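Structure first, commentary second.
The values are calculated or read from the model by the stated rules, or taken from the named source; none is laboratory data. From a predicted model like this one, the values you see are computed outputs, not experimental measurements. Neighbour counts are summed over all protein chains in view; Cβ atoms, including those assigned to glycine, are modelled from backbone coordinates with ideal geometry.
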Amino acid sequence: MIKLIRKILVVILVIYVALFGLTKVIRYPEPIAAIKLGLAPASKTPDLMPAHTIKAATTPATWKSGSEEMPANVSFDGQTITFDQFIAATNTNAFLVIRDGAITFEKYYNGMGATTRLPSYSVAKTMTSLMIGKLIDAGKIKESDTFVSILPVFKAGTSFDKVTIKDLLDMKGGVGVSDNYPTGPSGWGVAIAQMYASTDVDWFLMHNRKMKEDPGTFAEYRSVDTQMLGMIIKKVTGQSLVDFYSQNIWQVAGAANDATWNVDRVGGTEKAFCCFNATARDYARIGYELINPSSKIISAAWLSRISTPAVTLDYGWGYGAQVWHPYPGINLMLGLHGQFVWMDPAHKTVIVKLSDEPTSADGKSAKVAPVLKSISEKN
């Protein structure tokens, strides 16, 4: 029995060493870290990857106070259920409503609170777009610029070299990195999982430049497009994304708490397509700026750009410049696992809903949106 145990332990050790070597080659976290990342609930993954800190404003903006009750019942997934049942059914951690600059409803669940930093996943795409807008406003880049004109090291001698900033903004880049998110260990090897867990995103892109179609010809939601935008920001500014974002957006907006942005490795590159982590109130602060015509963080021109659907993607929703448009006049920052920053300028309303939905619930967004719409249009 002892000999058998020893043999088993030796085999396990050999397998682990082999896997450890493989993960180093493909720029992946070591096996145990990768397994922890794959099994963790959505709200816990930011703590499992290195991150850069986005410092809060020296003088944070304050919210006005208000009060309102949520509807007793809502229509969700073809049924009438109570608001509390809706909250539970969608694994909600935080739910905030902002009306005309006042917090009128704020509630946290599952041990979360006003100072809990929660992940937003693809809400980060809109944060990235805000920085691109700043650079365009400043004349540092143009939407017609190609990716490789800014980062020539990535030239591939294919249609990859024709991908423009405009293509990337509107999910028409054509790069063949699918956003078919994996469920469980069997899916960890797919491209989007590799990019998400990568310890070197530049290396990842260098080895994933194969095109699925010519740029500008077909719209498909692909996170690699946003990662390429983040790489452009880093190259053009000579700064990390967190430094540029902090100076031009986070502190200007008056964010009250530090945020974080996960990176591929310590001192490395931010994962621009995901991995932005902040408090619910500070997400609301950015959302409120984006329904404010006199916003301090976005120009009128770029606000118009992100508010105008350019293509149609999942659920038949409009999409443009890294912002969703589920209904006319509505801008939405949307993230995997049930993250919503709902912006309704006509009703001067922002709704933040942060959740812990499993990956398998990704299609639930189209069922949640009508509930947020009904609450937004209340009164």
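Structure summary
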{"item": "So MET112, is it part of a loop (DSSP other than H, G, I, E, B) and modelled with pLDDT of 95 or more", "result": "yes"}
{"item": "Entirely in the stretch 1-108, the helices (runs of 4 or more DSSP H) that have 1 or more residues that are out of contact with any strand residue (DSSP E or B) (no Cβ under 6 Å at 6 or more places or on another chain), surrounded by fewer than 19 Cβ atoms within 10 Å (Cβ to Cβ) and at pLDDT 95 or above", "result": "83-89"}
{"item": "Those residues of the stretch 314-349 which are over 27 Å from MET70 (Cα atoms), small (Gly, Ala, Ser) and assigned to a loop (DSSP other than H, G, I, E, B), in sequence order", "result": "ALA321"}
{"item": "Yes/no for TRP324 being free of Cβ contacts under 8 Å to residues at least 60 places away in the same chain and closer than 21 Å to LEU96 by Cβ", "result": "yes"}
{"item": "Residue match in the stretch 360-378 (condition: in contact with a Leu (Cβ under 7 Å, 6 or more places away or on another chain), touching a residue at least 60 places away in the same chain (Cβ under 8 Å), surrounded by fewer than 23 Cβ atoms within 10 Å (Cβ to Cβ) and on the phi < 0 side of the Ramachandran plot)", "result": "yes"}
{"item": "Residue that is surrounded by the fewest Cβ atoms within 10 Å (Cβ to Cβ), among those in the stretch 124-146 that are touching a residue at least 24 places away in the same chain (Cβ under 8 Å) and among the hydroxyl-bearing types (Ser, Thr, Tyr)", "result": "SER129"}
{"item": "Lone qualifier among GLN239, GLN194, GLN251, GLN227 - being within 26 Å of ALA278 (Cα to Cα) and without any contact (Cβ under 8 Å) to a residue 40 or more places away in the chain", "result": "GLN239"}
{"item": "Positions within the stretch 73-123 being of a type in the set (Lys, Arg) and without any contact (Cβ under 8 Å) to a residue 60 or more places away in the chain, in sequence order", "result": "LYS107"}
{"item": "Selection count, the stretch 234-248, where residues are touching a strand residue (DSSP E or B) at 6+ places or on another chain (Cβ under 9 Å) and part of a helix (DSSP H, G or I)", "result": "6"}
{"item": "Top-ranked residue of the stretch 147-164 - restricted to ones that are buried (at least 19 other Cβ atoms within 10 Å of the Cβ) and out of contact with any Lys or Arg (no Cβ under 6 Å at 6 or more places or on another chain), ranked as nearest to PHE204 (Cα to Cα)", "result": "PHE147"}
{"item": "When residues of the stretch 115-146 are limited to those that are out of contact with any Asp or Glu (no Cβ under 8 Å at 6 or more places or on another chain), of a type in the set (A, V, I, L, M, F, W, C) and outside any loop (DSSP other than H, G, I, E, B), the one farthest from VAL352 (Cα to Cα)", "result": "LEU135"}
{"item": "Whichever residue in the stretch 283-313 is in contact with a helix residue (DSSP H, G or I) (Cβ under 8 Å, 6 or more places away or on another chain) and assigned to a helix (DSSP H, G or I) and, among such residues, is surrounded by the fewest Cβ atoms within 10 Å (Cβ to Cβ)", "result": "ALA301"}
{"item": "Residue that is among the aromatic types (Phe, Trp, Tyr) and assigned to a helix (DSSP H, G or I), where the choices are TRP261, TRP203", "result": "TRP203"}
